[in-house]
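Reading through the structure tokens given below for one structure.
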Amino acid sequence: MGTKWWFAASALGVVAVVAISAIFFLGPPADREAPPTLVAAWGMLGDGPGQFKGPEGIAVDAQGYIYVVDHRTNRVEKFTSNGTFLTQFGTSGHEAGQLFDPSGIGIGPRGDIYISNGDNRVVKFTADGKFILQWGSSGSDPGQFGDPECLDIDSEGNIYITDQVNNRIQKFDANGMVIGIWGRSGSERGEFRSPQGIAVDRLGNVYVADKNNHRIQKFSSDGTFITKWGSNGTEPGQFIFPFGVAVDSSGNVYVTDFEGGRIQKFRPDGTFLTEWGEWGTGPGKFVYPIDIAVDAAGNIYVTEHDNARVQKFSPAGSTKAG
């Protein structure tokens, strides 16, 4: 009788071990996506073609070309989707067509390029880097800025800009005329503490990385609050200073976790889907990931300020990068 009991207990123990092993070693839970795969990386410290001294804003045009704002060299570099350098434009200064501490970049439906600058200007160029117009000055009145950080453009050509020091979002038409403003300093719904990244989806919804509140806020195109998610921490769905935001063609939201050294992906309602990355300099790791962009094929591009590079990831389940 004792022997039979020992065998029965042993069998139950094996079953328990197998069950626990399945939980911990058979991959992500059923409700979590597999993370993307690293497929390319480019850049190194320097001021030559294809090099960076503080890459920040990143954008993809309709043809799949990648534009990167190099903050400390006051220029924009253009690449193929796999990192081959094509051209660059920008000179340092405060005059028309010059760049000074540029950070954010967005591409309009006609291919025009908009760049936010640390001297409180937004500069507009053609797709080949020819100056069109600029607007903005230092201040808190409509059309003025207190460090415009990031920007994005909707399908109608309207520009949304995070006005960091003024803790607000400003919306402009393609000619730089103010057509909407919302936000103030605080931690309640619709308030901000140093807003950074911003992205607009195909429906016109606006997502803002509310950096010092460690959260994402979602608004309609006129600034009406819809929802929010996030808190300070390292668990899935938490952030340590979220910085860049991007939206793919399905409406999924990607966020760079600046001091968390990772990327997180969410559904449009804030439901956590997956994460990838950790602090470091190796492939697939991050040191201060800044901005993020997604192309039409779902490939994800991330700028890293301190690693002076761009990393490209292919979505889970794809057989080749677009």
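The values are calculated or read from the model by the stated rules, or taken from the named source; none is laboratory data. As the structure is a prediction and not an experimental result, all values here were calculated from the model. Please note: Cβ atoms are built from the backbone with ideal geometry, for glycine as well, and neighbour counts cover all protein chains shown. Heads up: the accessible areas ignore ligands, DNA and RNA and are worked out on the full protein's heavy atoms, side chains in. Shrake-Rupley method; radii C 1.70, N 1.55, O 1.52, S 1.80 Å.
Structure summary
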quantity	calculated
Inter-part distance where the stretch 80-151 and the stretch 27-73 are each reduced to a Cα centre, Å	19 Å
Percent of Cα-Cα distances greater than 16 Å, calculated over the stretch 76-169	54 percent
Degrees between helix 2-25 axis and first principal axis of the chain (Cα, 0 to 90, nearest 10)	10 degrees
Probe 1.4 Å, protein heavy atoms only - accessible area per residue of the stretch 170-322 in square angstrom	39 Å²
Between the stretch 184-215 and the stretch 257-302, the alpha-carbon center distance in angstrom	18 Å
Candidates His305, His94, His214: whichever shows maximal mean-square fluctuation once the chain is modelled as a Gaussian network with Cα springs under 10 Å	His94
Extension reserve of the Ala316-Asp47 stretch, reckoned as 0.36 nm per residue once the Cα distance is removed	93.5 nm
Which of Ser187, Ser103 is most accessible, then next, and so on - probe 1.4 Å	Ser187, Ser103
Relative contact order of the stretch 214-322, defined on C-alpha pairs under 8 angstrom at six or more residues apart (%)	16 percent
Vicinal HN-Hα couplings computed from phi for the stretch 208-214 (Karplus, 6.51 cos²θ - 1.76 cosθ + 1.60; Hz; Gly/Pro x)	10, 7, 8, 4, 6, 8, 6
Distance in nm between pseudo-label sites at Thr281 and Arg202 (7 Å out along the Cβ direction from Cα)	4.1 nm
